[in-house]
Amino acid sequence: MTDRITATAPSQAAVDSSIPILALLALAMTAFLALLSETLPAGLLPQIARDLNISEVMTGQLVTVYAIGSILTAIPLTALTSTWRRRNVLLLAIIGFLIFNTATALAPNYMVALVARFVTGMAAGLAWGLMAGYARRMVRPEQQGRAMAIAMIGTPLALSLGVPLGTLMGGVLGWRSIFGIMSGMAVVLVAWVLLVVPDYPGQKNGERLSIRQVFVTPGVRPILFVIVAWMLAHNILYTFIAPFLAPSGLRPRVDLVLLVYGVGSLAGIWLVSQLIDRWLRPLVLGCIAAFALVVVALGLAMDSAIVIYVSMAIWGITFGGAGTLLQTASADAAGDGMDVAQAMVATIWNVAIAGGGLAGGMLLDGYGVASFPWAMLALLLVALTIAWRAHRHSFKPGRRSGGAVVGH
């Protein structure tokens, strides 16, 4: 019984101490590196295309194949390593970033780069499946939401600061140097993890839940459905933000628009970190509803620059903490199966990224950017309805307490 509790509960050292900021920031750095490794090629498309003598469309597949690597392997790799000591698994993922970002930087041709990107995506899938449970085990139950928010802050930082800065540096140093710098970051991160991140045992074979057992756990499936609908809506607009800005005349200022969104995202994750352990359910419902109102405003006044900027800020606030909210909810619902559940979240998230690009492209070709807000609104209403109805096991009312919820 004691061993089973250690699979989800923090150690006594964590219970007796304050939040281990440096250890959680190491996880945040892992998230930053994973997302930066995934998205940075989009900002370096022209350089990579010229150097490898391929089209920009082919270059874009370096992002796609990374996502496919995560989609195909996150769940089985997480299940396979569930009995391993947690720090060893984390180090394995980081070393994967080190080796295969280096392979990308040195790639002599397109096929080598594709293979390196696929395996880097595998490392990312393993990392995403691990980090939420790891962060929760470092702190007391009533601090788990805040710990998750700290561990996940690397995600909005990668999008709002890492990609623009990496793109700018790539113009000066070259794209291969940027991937080399990311490999150097991985070396630093390995040392960081070894110095400050505590180690925990994996689950024993008799305790390990199968993928099917986790999937049918009450509360897990509604959360996955909410992720699909919410993230599809998000990625339709995020993927095609440049053409969407054309009617307002802001397409040449897409960098400034995304900066406003990024600042809003940072504000959103800070807000979530302060409130998640008391008000997870209101935050989920409020973020989805606020985003729905934003897309209505965009649908009615997408030619107004002021509406665009205000909407981007609010959109960022509603989305900045979304990953923390959804991963916390899924970990609460899954219990001992939370690592597998987090791998499911990562898989569904990447599917939604790919699906948002596909759906947005079809809408753009068939109906134009004016169709985006109304398609997004339909998806967000589905997400809001599922989240509203799923109050018994998924998005529970009341204060969180280590997966249980106190009060109503």
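When the residues of the range 130-148 are filtered to those that are touching a strand residue (DSSP E or B) at 6+ places or on another chain (Cβ under 7 Å) and open to solvent by 10 Å² or more (accessible area, probe 1.4 Å), the one that is modelled with the highest pLDDT is 141.
Of all the listed residues (272, 214, 228, 193), the sole one being at pLDDT 90 or above and either outside the structural domain of residue 306 (by the TED database) or closer than 23 Å to residue 137 by Cβ (or both) is 193.
Restricting the range 351-375 to residues that are aliphatic (A, V, I, L, M) and over 18 Å from residue 62 (Cα atoms), which is nearest to the chain's Cα centre (by Cα)?
Pass one, the range 351-375, residues aliphatic (A, V, I, L, M): 351-354, 358-359, 362-364, 369-370, 375.
Keeping just the survivors that are over 18 Å from residue 62 (Cα atoms) gives 359, 362-364, 369-370, 375.
On the way: 359: 20, 362: 24, 363: 25, 364: 25, 369: 25, 370: 27, 375: 23 Å.
Top of the filtered list is 359.
Of the residues making up the range 48-99, those that are surrounded by 18 or more Cβ atoms within 10 Å (Cβ to Cβ) and not in a helix (DSSP H, G or I) number 2.
Applying a threshold of 6 Å to beta carbon distances and a minimum spacing of six or more residues, or different chains, the list of pairs starting in the range 85-104 at a residue that is at negative phi and small (Gly, Ala, Ser) and ending at one that is open to solvent by less than 30 Å² (accessible area, probe 1.4 Å) and part of a helix (DSSP H, G or I) reads 93/123; 93/126; 93/127; 96/123; 103/116.
Residue under question is residue 102, and the condition is that it be crowded, with 17+ Cβ neighbours inside 10 Å, in contact with a Ser or Thr (Cβ under 6 Å, 6 or more places away or on another chain) and not in a loop (DSSP other than H, G, I, E, B); does it hold? Quick ask: steps written out before the conclusion?
Values: crowded, with 17+ Cβ neighbours inside 10 Å: yes; in contact with a Ser or Thr (Cβ under 6 Å, 6 or more places away or on another chain): yes; not in a loop (DSSP other than H, G, I, E, B): yes.
Spelling it out, residue 102 is indeed crowded, with 17+ Cβ neighbours inside 10 Å, in contact with a Ser or Thr (Cβ under 6 Å, 6 or more places away or on another chain) and not in a loop (DSSP other than H, G, I, E, B).
Candidates in the range 308-350 are the residues that are among the hydroxyl-bearing types (Ser, Thr, Tyr) and over 18 Å from the mean Cα position of the chain (by Cα); of these, the one that is least open to solvent (accessible area, probe 1.4 Å) is 311. Determine, yes or no, whether residue 118 is of a type in the set (Phe, Trp, Tyr), crowded, with 24+ Cβ neighbours inside 10 Å, assigned to a helix (DSSP H, G or I) and assigned by the TED database to the domain that holds residue 154. Answer is no for this residue. For the range 265-315, a residue qualifies if it is among the small types (Gly, Ala, Ser) and without any contact (Cβ under 8 Å) to a residue 60 or more places away in the chain, and the qualifying residues are 267, 286, 290, 297, 301, 304, 305, 311, 313. Show the residue pairs that are 6+ apart or on different chains and have beta-carbon atoms under 9 Å apart, the first residue being within the range 17-40 and closer than 18 Å to residue 70 by Cα, the second being open to solvent by 40 Å² or more (accessible area, probe 1.4 Å) and outside any helix (DSSP H, G or I). The qualifying pairs are 31/153; 32/153. Of all residues in the range 327-337, those satisfying the criterion of being of a type outside the set (Gly, Ala, Ser) and more than 18 Å from residue 24 (Cα to Cα) are 332, 336. Filtering the range 223-277 to residues that are aliphatic (A, V, I, L, M) and farther than 20 Å from residue 373 by Cα leaves 223, 224, 256, 259, 263, 266, 267, 269, 271, 272, 275, 276.
The values are calculated or read from the model by the stated rules, or taken from the named source; none is laboratory data. Quantities reported herein were computed from a predicted structural model and do not represent experimental measurements. For neighbour counting, all protein chains shown are included, and Cβ atoms are generated from backbone atoms with ideal geometry for every residue, glycine included. In case anyone asks, the SASA skips ligands and DNA or RNA and just uses the protein heavy atoms, side chains included. Shrake-Rupley method; radii C 1.70, N 1.55, O 1.52, S 1.80 Å.
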